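Heads up, the thing below is written out as structure tokens.
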Protein chains: 2
Amino acid sequence: MTYPEQFQGFAISDPKDWATPKLTSFQPKNFGPRDVDIEVECCGICASELFALKNDWTHDPLACLSSKYGPKTQVVGHEVVGKVVAVGSDVSLCKVGDRVGLGAQASACMQCGRCQSGNEQYCAQSIGTYCDPYPDGYVSQGGYASHVRAHEQFCFPIPPEIPSELVAPLQCGGLTVFSPIKRNIQGKKNPRVAIIGIGGLGHMAIMISKALGAEVSAVSRGYSKRDDALKMGADHFIATSEPNWNAGLDDTFDLILNCASSTSSLDLNALLPCLKVNCNFVSVGLPHIDEDFKVKPFSFFHNGCNIGSSKLGSREEAIELMELAVKHNFRPWVETIKVCEAGVSEGLTRLDKGDVRYRFTLTGFHDFFGTGKQ
Amino acid sequence: MTYPEQFQGFAISDPKDWATPKLTSFQPKNFGPRDVDIEVECCGICASELFALKNDWTHDPLACLSSKYGPKTQVVGHEVVGKVVAVGSDVSLCKVGDRVGLGAQASACMQCGRCQSGNEQYCAQSIGTYCDPYPDGYVSQGGYASHVRAHEQFCFPIPPEIPSELVAPLQCGGLTVFSPIKRNIQGKKNPRVAIIGIGGLGHMAIMISKALGAEVSAVSRGYSKRDDALKMGADHFIATSEPNWNAGLDDTFDLILNCASSTSSLDLNALLPCLKVNCNFVSVGLPHIDEDFKVKPFSFFHNGCNIGSSKLGSREEAIELMELAVKHNFRPWVETIKVCEAGVSEGLTRLDKGDVRYRFTLTGFHDFFGTGKQ
């Protein structure tokens, strides 16, 4: 069987094989009236993929193993760019032939208060683009694939100015940092933002903060990423390996955005005093499920600050982000890898080692899957 | 010597004597041009006093033991109401004869960005009303005393409608909850607030939240304070001893205000999902210095919420709070105790056991100290 009955993708069925997904054919979820089929052109590699494939965000077995229909294997990938090749009967937000992006969310109820107030990413019935069971028992399958199927709300129109391989990382990583940056600095005069962790998310966060008008401090352990951070637009660079790195930083930032995926290495008791009154430390990197934040209540007391998290962004924010990238002419720093079993393996393995500056996009999907001919 | 050279108050010099402060005479701090002397009429008893007297908020010895001048003993008390009996040469905010309130802050630089933007409580040079060293080496002495000396900024005018013993608890406890409630719900439609811990702070928080237009849920372990909480104005009562206390509470609150002084008994991972998107859990109870918040990053993720703290309130907020109490006719629930060594001891001991509903005010200062005759 071929599309639309079967998709092809790179899948695992055991977390120990996280670095070597194999080409497989699989049944897509049942096609709903607001569903869209995207013929994938390229797909970013996000650190989330490592956690998902290694199954580090849960103590349960891989969700796909208990799917009610569809594959018992798992395809990941949620920075998809591709062409709409089919739309359900009720789809109004895109049409066949459109170039669209799909991030880490593939569905939501679209009826609750959150969905109706620009917070559909926080819908209690939100379905992630992969590893997440739909109400009908299908477990979602991601974008390291020939095609991906998702609710139209999460298929974002892409401005023609940005090439697919560069806009792919904005769909998840870019959006994930854009939402909290915008929400935390909007309405503030001359906001100052600190970005911790100059990796996939962090490098986009620097560029986005600058485009939103902030003065940006890039925060890293050592100096190896200093020059890059300044090229990305950071106004200041802070190396926390210096003994007195936080001297003079009291009462400085309107937002500290933690883009590092581990929380246990952060000295929150030293970071929090750097915030202005009532401002937030927001963590967008999600660590292993057993990691905790540990922080003294007194560390919040002297500036009335908060720590918290943020999840993805809304459709409206995704569109706004891409318009911002066009207007301010910033692009993620991307290394492309041709998609194939070896290419997927190379991307995952190098990302796991931190050997990427600063984002991989898998490309060449049309050649590999024989698509792109419609 | 007598006032203004010497004040009298109830002091300890060793934390083991926390429950039995003794009457003592002591030298006040040097009188500055913006200082005000208040002849104390009454003083609330705040749980902070227990932490300060037991020295539970630091690993250092009592600050007064290393004071450069003034007493080596410590008088606490920071919900003071009294009459202005002397003002420095540059004082413009009050005059001799005024009835004023003094809370937990006695000084600030009044020149930094925080001081000049209604956030003087977060000034890096803030001096607490007791136990806190001034730049000249004097360690501040509180209001269980005949007189107290403080910077005019922190001597708040009191509306004539509220009796002194009832307005006293608003100076620290009331202000401490008013500031985060107001800052977190302002501009929101039909805000919903949860108040955890129905004690000294919590009972004022219920009344203040109602007066600010919120729908209020009082949260306690058991049911013993249910009837009182409803009388204070709570719309709902939640007993966390019930196994499924949080059923149906997802996505409910614009603010959860923790007024309990211990954080370790709170199940943050169960409480945080009750917040609406991007809303805050704010803790105003400060625990023992060795207690930590421990919480999973994932607990913030599903609603993008935050946890944090808040410190006191500004002069502007203190005045607004008292106007609100007049307008909405709410008053703290106060049990008065006549001031004397036995009275101070009784108040502290009963508060330590939780045997107070809901706030003590020490009264009769004029009779005891022979003041009130000017």
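One way to sum up the overall shape of chain A is the equivalent ellipsoid from its Cα gyration tensor, whose semi-axes run 35, 21, 20 Å, largest first.
Our coupling estimate for segment B:94-100, obtained by passing each phi through the Karplus curve with A = 6.51, B = -1.76, C = 1.60 and θ = phi - 60°, is 7, 9, 4, x, 5, 7, 10 Hz, Gly and Pro reported as x.
Looking at this model, which pairs from A:LYS182/B:LYS311; B:LYS83/B:LYS311; B:LYS22/B:LYS54 are more than 24 angstrom apart at the alpha-carbon? Working shown, then result.
Values: A:LYS182/B:LYS311 26 Å; B:LYS83/B:LYS311 26 Å; B:LYS22/B:LYS54 15 Å.
Over 24 Å apart, Cα to Cα: A:LYS182/B:LYS311; B:LYS83/B:LYS311.
Report the label-to-label distance for A:GLU316 and A:LYS231 in nanometres (one decimal), using points 7 Å from each Cα along the Cα→Cβ vector. Result for the modelled spin labels: 3.7 nm. Our Cα-only numbers for segment A:35-166 put the radius of gyration and Dmax at 14.5, 43 Å. Roughly how many percent of the accessible protein surface of segment A:173-309 is carbon and sulfur, given a 1.4 Å probe and a whole-percent answer? Whole-percent figure for carbon plus sulfur exposure: 46.
R0 = 60 Å: FRET efficiency of A:SER224 with A:THR2, Cβ-based, nearest 0.05? Here the calculated transfer efficiency is 0.80. Farthest toward the positive end of the dipole of segment B:174-309, out of B:TYR223, B:MET207, B:GLY304, is the Cα of B:MET207, where the dipole comes from beta carbon charges about the Cα centre. Computed from phi, the 3J(HN,Hα) profile of segment B:9-16 under the Karplus parametrisation 6.51, -1.76, 1.60 (θ = phi - 60°) reads x, 9, 10, 10, 10, 9, x, 5 Hz, with x in place of Gly and Pro.
Summarising the amide proton neighbourhood of A:ARG221: residues at separation of 5 or more, or on other chains, whose placed amide H is nearer than 5 Å comprise A:THR240. Please enumerate, by chain and number, the aspartates and glutamates with C-alpha under 16 Å from the C-alpha of A:LYS210, excluding those fewer than 8 residues away in the same chain. Candidates past the 8-residue exclusion: A:ASP228, A:ASP235, A:ASP254, A:GLU320, A:GLU323.
Multiplying the residue separation of A:CYS109 and A:ASP14 by 0.36 nm and removing their Cα-Cα distance gives an extension gain of 31.1 nm. Quick one: angle between helix A:315-328 and the longest Cα principal axis of chain A, in degrees between 0 and 90, rounded to 10, please. The angle comes out at about 70 degrees. Label sites at B:LYS294 and B:LEU23, each approximated as a point 7 angstrom past Cα along Cα to Cβ, lie 4.8 nm apart.
Please say if segment B:174-309 is rounded, prolate or oblate, where rounded means a/c under 1.5 for a ≥ b ≥ c the square roots of the C-alpha gyration tensor eigenvalues, and otherwise the choice is prolate for a/b larger than b/c and oblate otherwise? Rounded is the answer for segment B:174-309, as its axis ratio a/c remains below 1.5. Annotation for segment B:220-268 versus segment B:119-142: alpha-carbon center distance of 34 Å.
Relative to the longest principal axis of the Cα atoms of chain B, the long axis of helix B:175-185 makes an angle of roughly 30 degrees. Backbone phi angles across segment A:43-58, fed through the Karplus curve with coefficients 6.51, -1.76 and 1.60 (θ = phi - 60°), yield HN-Hα couplings of 8, x, 10, 10, 4, 3, 4, 4, 5, 5, 5, 7, 6, 8, 9, 8 Hz in residue order; Gly and Pro are listed as x.
If you take the Cα centroid of segment A:174-201 and the Cα centroid of segment A:1-43, the two points sit 33 Å apart.
Under a 5 Å amide H cut-off, with hydrogens placed 1.01 Å from N, B:HIS147 pairs with B:GLN8, B:VAL40 among residues at least 5 apart or on other chains. Dipole size of segment B:266-354 about its Cα centre, with +1 on Lys/Arg Cβ and -1 on Asp/Glu Cβ: approximately 280 debye, rounded to the nearest 20.
Calculation over all alpha carbon pairs of the protein assembly as shown in 10 angstrom steps from 0 returns a P(r) of 3, 14, 22, 21, 16, 11, 8, 4, 1, 0, 0 percent. Amide H to amide H, with H built 1.01 Å from N, A:PHE237 comes under 5 Å of A:ALA218, counting only residues 5 or more places away or on other chains. Summing Cβ point charges (Lys, Arg +1; Asp, Glu -1) relative to the Cα centre of the protein assembly as shown gives a dipole of roughly 540 debye.
Taking the DSSP beta bridges with both ends in the protein assembly as shown, the antiparallel portion is around 55 percent.
With Rh defined as the Kirkwood radius, the inverse of the mean 1/r over Cα pairs, the Rg/Rh of segment B:229-374 is 1.05. Taking the alpha-carbon centroid of each part, what is the distance from segment A:281-321 to segment A:88-108 in angstrom? Between the Cα centre of segment A:281-321 and that of segment A:88-108, the gap is 29 Å.
Per residue of peptide B:278-284, the mean number of Cβ atoms on other chains within 10 Å of the residue Cβ is 4.
In the protein assembly as shown, the DSSP-assigned H stretches of four residues or longer account for a calculated mean residue ellipticity at 222 nm of -6500 deg cm²/dmol, using -39500 (n - 2.57) per stretch and the full residue count as denominator. Rg/Rh for segment B:100-158 stands at 0.96; both radii use Cα atoms, and Rh follows the Kirkwood definition.
The values are calculated or read from the model by the stated rules, or taken from the named source; none is laboratory data. Fair warning: this is a prediction, and the values are worked out from it, not measured in the lab. Virtual Cβ from ideal backbone geometry, glycine too; neighbours counted across all protein chains shown. To get the accessible areas, we keep the full protein, side chains included, count just its heavy atoms, and leave off ligands, DNA and RNA. Shrake-Rupley method; radii C 1.70, N 1.55, O 1.52, S 1.80 Å.
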